[in-house]
Amino acid sequence: MAHHLSAKKRIRQSEKRTAENKYFQKTTRNAVKKLRKTTDKKTAVADMPEVFSLLDNLAKKKIIHKNKAANLKSKLAKHVNSL
C-alpha cells in the first residue's frame, strides 16, 4: 500500500481514468456493433458520423491505437456502402 500522499493521489487518479476509459471503450464498442447489425442504409448513414467521432476520440485519448480506429472506420464504411 502507498504511504506518500502523492502515491495515494496517483492511485486515485489512475482508478478514475481506468473507469472512464472502460466506459468510453464499452460505449464505442456497442455503437460499432449496432452499426454493423444495421440493415437500413438511411439509419446507417445517419449513425456513421457519430460512431466515427467516438472512434476518433478513443484514438486521440490513446485508449485504442490510431490504426485500429482507422481499420474499424474503413470496415464500417465498406459495410454501410454495401447496404
| remark: Full extension between Glu15 and Asp40 adds, at 0.36 nm per residue less the Cα distance, a length in nm of 5.0 nm
| query | Against the longest alpha carbon principal axis of the chain, how many degrees, from 0 to 90 and to the nearest 10, is the axis of helix 66-82 turned? | reply | 20
| request: Return one number: the angle in degrees, 0 to 90 and rounded to the nearest 10, between the long axis of the Cα atoms of helix 5-37 and the longest principal axis of the Cα atoms of the chain. | output: 10
| CD proxy at 222 nm, helix term only [per DSSP H run n ≥ 4: -39500 (n - 2.57); per residue of the chain; nearest 500] | -29500 deg cm²/dmol
| task | Set the Förster radius R0 to 30 Å, insert the Cβ-Cβ distance between Tyr23 and Ser82 as r into 1/(1 + (r/R0)^6), and round the FRET efficiency to 0.05. | result | 0.45
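Here, each number is a calculation from the coordinates, and none is a lab measurement. Note that this is a predicted model, so its numbers are computed, not measured. Every residue, glycine as well, gets a Cβ built from its backbone with ideal geometry; the counts of neighbours run over all protein chains shown.
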